[in-house]
């Protein structure tokens, strides 16, 4: 009887020591080591890749955000895009919410709708019509064939911070007109913000919308 109680006490003691050791190792030392390495080697990325402007954080370069007009009080319809800014990709995610005011998503992810899904087809057609309408300027109409795929479809995450150079350049005349800026200057601004493929061969050339709009704001202040 005493022997059984002694064995149980030894097992319990060993279990508690193992729990304490693993708690210190995995719950304290490992997180501190990883955090220290991240802050030392990649501080910008470790802190959320925050983008600041005039000393104020305006977003993250890794997370897309919308540029919409203020919602009118009492109206439940989706806000209209503010056409003086470059617009991101559509933000169709897994579900909507009223908490995230920067991007209309609660759960990040793709819609997973098939290519022949009627809802997806209707969404793409509506988005294409909106891009054509919004970006056509006097003397420079935009045709449906001019609209790139990323202008009418959301990304796999639904939070893509980038658009293709083709979509950014498509918006140049409209943005220049709305901000009373020369088209050539706005085009050069876009070209300066085109990022090449990672490592020279991974992915596609892209333009970060947040960085582009931040630069556009600075251009408008000159």
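The values are calculated or read from the model by the stated rules, or taken from the named source; none is laboratory data. Values in this document were obtained by computation on a predicted structure and should not be read as measured data. Glycine gets a Cβ as well: all are built from the backbone with ideal geometry, and neighbour counts include every protein chain shown.
From the list 148, 144, 165, exactly one residue is touching a residue at least 12 places away in the same chain (Cβ under 8 Å), under 16 Å from residue 210 (Cα atoms) and assigned by TED's automatic domain parsing to the domain that holds residue 196. Which is it?
Answer to the check: 165.
Yes or no: the stretch 3-13 includes at least one residue that is closer than 18 Å to residue 209 by Cα and at pLDDT below 85. It would help to see each step written out before you state the result.
Filtering the stretch 3-13 for residues closer than 18 Å to residue 209 by Cα gives none.
Among the residues of the stretch 3-13, not one is closer than 18 Å to residue 209 by Cα and at pLDDT below 85, which makes the answer no.
Within the stretch 168-191, count every residue that is out of contact with any strand residue (DSSP E or B) (no Cβ under 7 Å at 6 or more places or on another chain), part of a helix (DSSP H, G or I) and closer than 15 Å to residue 210 by Cβ. Please lay out each step first, then the result.
Pass one, the stretch 168-191, residues out of contact with any strand residue (DSSP E or B) (no Cβ under 7 Å at 6 or more places or on another chain): 169-172, 175-176, 178-189, 191.
Still in the running and part of a helix (DSSP H, G or I): 169-170, 172, 175-176, 178, 183-189, 191.
From what is left, the residues that are closer than 15 Å to residue 210 by Cβ are 175, 189.
Residues meeting the conditions: 2.
Results for (1) loosely packed, with under 15 Cβ neighbours inside 10 Å; (2) closer than 23 Å to residue 54 by Cα; (3) in the same structural domain as residue 61 (by TED's automatic domain parsing), shown as yes or no for each residue.
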position: 169; (1), (2), (3): no, no, yes
position: 172; (1), (2), (3): no, no, yes
position: 191; (1), (2), (3): yes, no, yes
position: 195; (1), (2), (3): yes, no, yes
position: 198; (1), (2), (3): yes, no, yes
position: 201; (1), (2), (3): yes, no, yes
position: 204; (1), (2), (3): yes, no, yes
position: 208; (1), (2), (3): no, yes, yes
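Out of 109, 59, 93, report the one residue that is at pLDDT below 85, surrounded by 11 or more Cβ atoms within 10 Å (Cβ to Cβ), in contact with a helix residue (DSSP H, G or I) (Cβ under 7 Å, 6 or more places away or on another chain) and assigned by TED's automatic domain parsing to the domain that holds residue 216.
After ruling out the rest, the residue left standing is 59.
Could you look through the stretch 46-56, keep only residues that are in contact with a strand residue (DSSP E or B) (Cβ under 6 Å, 6 or more places away or on another chain) and part of a strand (DSSP E or B), and pick out the one that is surrounded by the most Cβ atoms within 10 Å (Cβ to Cβ)? Walk me through how you get there before you give the answer.
Start the filter on the stretch 46-56 by keeping residues that are in contact with a strand residue (DSSP E or B) (Cβ under 6 Å, 6 or more places away or on another chain), which leaves 48-51.
Filter again for part of a strand (DSSP E or B), leaving 50-51.
On the way: 50: 13, 51: 18.
Per the stated criteria, the residue is 51.
What number goes with the only condition from (1) at pLDDT below 90; (2) in contact with a helix residue (DSSP H, G or I) (Cβ under 8 Å, 6 or more places away or on another chain); (3) buried (at least 16 other Cβ atoms within 10 Å of the Cβ) that residue 155 does not pass?
(2)
Restricting to the stretch 179-221, name every residue that is more than 21 Å from the chain's Cα centre (by Cα) and closer than 20 Å to residue 89 by Cα.
Answer for the stretch 179-221, where residues must be more than 21 Å from the chain's Cα centre (by Cα) and closer than 20 Å to residue 89 by Cα: 186, 187.
Just wondering, is there one or more residues in the stretch 114-129 that are touching a residue at least 40 places away in the same chain (Cβ under 8 Å), surrounded by 15 or more Cβ atoms within 10 Å (Cβ to Cβ) and closer than 20 Å to residue 91 by Cα?
No, there is no match, as no residue in the stretch 114-129 is touching a residue at least 40 places away in the same chain (Cβ under 8 Å), surrounded by 15 or more Cβ atoms within 10 Å (Cβ to Cβ) and closer than 20 Å to residue 91 by Cα.
Across the stretch 116-146, what is the number of residues that are under 19 Å from residue 165 (Cβ atoms), out of contact with any helix residue (DSSP H, G or I) (no Cβ under 6 Å at 6 or more places or on another chain) and outside any helix (DSSP H, G or I)?
The number of residues fulfilling the criteria is 1.
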